[in-house]
Amino acid sequence: MGPNGETCSGHGECLTLRQLAQDATYNGEPTPIAYGSGLSENSTAWDADFIQHCKCYEPGYGNNSWYNLSAWTGYDCSKRACPTGDNPFVQGRKFERQYIECKATGGSLRLTFRGATTQPIAYDASAVEVKRALEALHTIGSVAVEGDVFCVPPCTTCSGPSTCSSDADAHKACDVHGYPLNVGNFSVEFTSELGDVPPLRVDSTKLLSATVKVGEAVSGSKANVVCSHRGTCDELTGDCECFAAYTSSDANNSFGLREDCGVMLSSGWVAGK
Ligand SMILES: [Ca+2]
């Protein structure tokens, strides 16, 4: 109850254990569980529909926010989660990078990350269009996408501007100067979601003559800790109060918009203290 008697402080919904198990996630990935399924065959999970608990809202990235600080937390959803970041003193940790190999002659596909699904992405989309579709998800803040054309068949020999000598369907695999493009071979680097993130899921049912493969090129290894362990979390506001000399980073040892205390202001400033 909130101070005015609202369920889950007005920032969540009250669910039974059975419902909560159906909504379960692992590393942000939906992983529904049948409550009581671990019990022996003839037992009943007596409390499945009696015990209730709050499931707090986690709106994620929305309203053009640059960092995911909008989650509510606490047993009654009365507290705010603070931004997370990498530990600024550990070198060499990496953002996760996944590859998407795709060949198709038409249609569109959808990508799903941590339970959120994009609008249809055209088979011949550019890297900018793929990036825009992914960043529109509430589960992703920012990604870096590389590649030229998403899913068109490759061209062995480009014979002129946007012209493939061997395959009429592959004309989009040649650029306006008559050079082959990097097709069907995209990489997606997760620059806001830290740590080992779950794989992108592909719905290719609307793609024509498609083969699609998604995999992990680099497993994310950055820490994903509250206020980068360089500040304290004000649970009323969801703001990090950074220790002296630390400020907002980009999770990559530079200044950024995470508000996570993940970068040092300057070593000279510290030495002068
Ligand atoms: Ca991963």
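The values are calculated or read from the model by the stated rules, or taken from the named source; none is laboratory data. Because the structure is predicted, anything quoted here is derived from the model rather than measured. Ideal geometry is used to build each Cβ from the backbone, glycine not excepted, and the neighbour counts take in all protein chains shown.
Of note:
- Pair list, Cβ < 6 Å and 6+ apart or interchain, from segment 92-106 residues that are closer than 12 Å to V188 by Cβ and aliphatic (A, V, I, L, M) to residues that are away from the ligand (no atom under 14 Å from the Cβ) and outside any loop (DSSP other than H, G, I, E, B): I100/F186
Conditions tested, residue by residue: (1) within 24 Å of V263 (Cα to Cα); (2) touching a helix residue (DSSP H, G or I) at 6+ places or on another chain (Cβ under 9 Å).
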{"site": "S142", "(1), (2)": "yes, yes"}
{"site": "V152", "(1), (2)": "no, yes"}
{"site": "P161", "(1), (2)": "no, no"}
{"site": "L181", "(1), (2)": "no, yes"}
{"site": "P198", "(1), (2)": "no, no"}
{"site": "T211", "(1), (2)": "no, no"}
{"site": "S219", "(1), (2)": "yes, no"}
{"site": "C227", "(1), (2)": "yes, no"}
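- S166 meets all of the listed conditions (1) under 30 Å from L109 (Cα atoms); (2) in contact with a helix residue (DSSP H, G or I) (Cβ under 9 Å, 6 or more places away or on another chain) but one, namely (2).
- Residue within segment 70-84 that is more than 16 Å from the ligand (Cβ to nearest atom), within 30 Å of D175 (Cβ to Cβ), assigned to a loop (DSSP other than H, G, I, E, B) and not aliphatic (A, V, I, L, M) present: no
- Residues of segment 220-272 satisfying the condition of being among the small types (G, A, S), modelled with pLDDT of 90 or more and outside any loop (DSSP other than H, G, I, E, B): S228, G231, S249
- Residue pairs meeting the criteria (Cβ under 8 Å; at least 6 apart or on separate chains; first in contact (Cβ under 8 Å) with a residue 24 or more places away in the chain and within 22 Å of P120 (Cα to Cα), in segment 203-226; second within 16 Å of the ligand (Cβ to nearest atom) and part of a loop (DSSP other than H, G, I, E, B)): V214/P199; V214/L200; G215/P199
- Among the candidates V197, V176, residue that is under 15 Å from S126 (Cα atoms) and modelled with pLDDT of 90 or more: V176
- Scanning segment 130-148 finds one or more residues that are within 16 Å of the ligand (Cβ to nearest atom), under 27 Å from C82 (Cβ atoms) and assigned to a helix (DSSP H, G or I).
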